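The structure under discussion appears below in the form of structure tokens.
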Amino acid sequence: SFFVTWVNSSGRRTLPPAGRVLSRLSSKDLIPYIERGVARYRSEYRDTSVFLFREILDTIVRCDRVLTTPGGSLLLAGRSGVGRRTAIGVLASMNNMKLFSPKVGRNYGLKQFKNDLKTVLQSAGVDGEQCILLMEDYQFMESTFVELINSLLSAGEVPGLYTPDELESILSPLREESSQEGFRGTMVQYFAQRVKTNLHIALVMDFTRPTFTVACQSNPGFFKECSVQWMEGWSERSMLKIPSMLFSKDRSDDNTRGNLTGKIDLDEELLKLFHAIHKTMEKKYLTPKRYVILLETYQQVYLTKQHAVSTRQQHLKSGVSKLSEARKVVDELKRNAEIKQKELAVKQHEADEALKQITKSMADAGSQKTEMEQLAVKVNEETAFIERQKREIDNELAETQPLVDQAKQAVGSLRSETLVEIRSLRAPPDVIKDILEGVLKLMGVLDTSWTSMKG
């Protein structure tokens, strides 16, 4: 079971003199509260991975009991990466407290640190807001920073921080509240009291550093005014759980890995192997932070290799897909080629038949041409023969034409009485008979009797 202040929190800025009332929660009921706080912390301050296991829950609950009491401050002594900063940030979000942490850099010095302190003291001492000043080892750039924090813890003020004019402008708004509360003392004391009540200082320090012991010895406010939380590390059971928590988170969006899930499947042997590798390191390096770095490095390498293998697999699948498509196209072209080949064979057969027919027709035409040429020769010969006969006939006619003309004249000189006289004869004289027989034969009449002659 855990005892926390969130269940009965009224949301008021001022804290009760004895702190907020504690409520008992089981581990199952506690986790939803903290998950909501983690979500607020990630949206308001920094996006980081928070793993909730036994040590982290204990740290958050113990820090909550301290920071929800007036002036409650913490000295969180532990190894790097144990989860102290995250616990303070989550608590600040859950309790609606302002979280301040100096942003140190190369040119950060005492002047910049005092300006940051003025901002924090303004919110806590003047505005009356619950504030958390988070200081880590690396932020103590100068030894003077440690002394100023010790003064804040012990007295609620930093001597010489404000000029008289600045101090007057800060104290003026508090006079009315001071009189209403019946405070008996100076305004500086009232301001320091408000700072000491509303400002919660959380010191995150590594106890393995040589400066840790020196800082605590020379600044008694660190252990007199702070609740010391000693956190050396995590249990073996918790460290075996962390890989499953880390690797179960989907980090595909962090590296734009496409369809990769970003999750790694683990077995019991691999979990133990991570812890075994971590324990082989030197003692000064056996910190939770280095363990988490080991796991994150493994995850990064694993996802990179997974992405490379998946990309190659996708390329191979794409190539196989293209080959399958090409094979389908080739098969389709092959089927079409077979169909076209059959059609071509039919057309070729038809062309061969047509060629044979044409060849035969040409052969017939050749023979006909030969016959025509032979006929033409015969016609020419017959024409020449006819011409010769014509010439001969013409010659003969030329010789007989005068005789014919004479005969025509002689026939034309015949009188009709002479013809009547000849027809009346019972038998013609031999001369007349011979002439008439010749005429009938010329006319093609075979009957040469006297009767035929008279007709």
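The values are calculated or read from the model by the stated rules, or taken from the named source; none is laboratory data. These numbers were taken from a predicted model, which means no experiment stands behind them. Don't worry about glycine lacking a Cβ; one is built from the backbone with ideal geometry, like all the others, and counts go over all protein chains shown. Only protein heavy atoms, including side chains, enter the accessible area calculation; ligands, DNA and RNA are left aside. Shrake-Rupley method; radii C 1.70, N 1.55, O 1.52, S 1.80 Å.
Here are some notes:
- Restricting 120, 146, 158 to residues that are in contact with a Ser or Thr (Cβ under 6 Å, 6 or more places away or on another chain) and either touching a residue at least 12 places away in the same chain (Cβ under 8 Å) or loosely packed, with under 15 Cβ neighbours inside 10 Å (or both) narrows the list to 158.
- Subset of the stretch 127-143 (residues that are assigned to a loop (DSSP other than H, G, I, E, B) and either on the phi > 0 side of the Ramachandran plot or among the charged types (D, E, K, R) (or both)): 127, 128, 129, 142
Okay, residues lined up against (1) outside any loop (DSSP other than H, G, I, E, B); (2) closer than 17 Å to residue 235 by Cα; (3) modelled with pLDDT of 85 or more:
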| site | (1), (2), (3) |
| --- | --- |
| 250 | no, no, no |
| 257 | no, no, no |
| 266 | no, no, no |
| 269 | yes, no, no |
| 297 | yes, no, yes |
| 300 | yes, no, yes |
| 305 | yes, no, yes |
| 318 | yes, no, yes |
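- Qualifying residue in the stretch 98-108 (condition: surrounded by 14 or more Cβ atoms within 10 Å (Cβ to Cβ), in contact (Cβ under 8 Å) with a residue 60 or more places away in the chain, of a type in the set (Phe, Trp, Tyr) and more than 16 Å from residue 132 (Cβ to Cβ)): no
- Leading residue by the ranking (most open to solvent (accessible area, probe 1.4 Å)) among those in the stretch 163-185 that are under 26 Å from residue 19 (Cα atoms) and outside any helix (DSSP H, G or I): 184
- Residues being of a type in the set (S, T, N, Q) and either within 60 Å of the chain's Cα centre (by Cα) or not in a loop (DSSP other than H, G, I, E, B) (or both) - total across the stretch 412-453: 4
- Here residue 365 does not qualify as farther than 30 Å from residue 435 by Cα, modelled with pLDDT of 85 or more and open to solvent by less than 70 Å² (accessible area, probe 1.4 Å).
- Residue in the stretch 347-358 that is of a type in the set (Val, Ile, Thr), out of contact with any strand residue (DSSP E or B) (no Cβ under 7 Å at 6 or more places or on another chain), surrounded by 10 or more Cβ atoms within 10 Å (Cβ to Cβ) and closer than 30 Å to residue 80 by Cβ present: no
- Number of residues in the stretch 321-369 that are under 59 Å from the mean Cα position of the chain (by Cα) and of a type in the set (Gly, Ala, Ser) equals 6.
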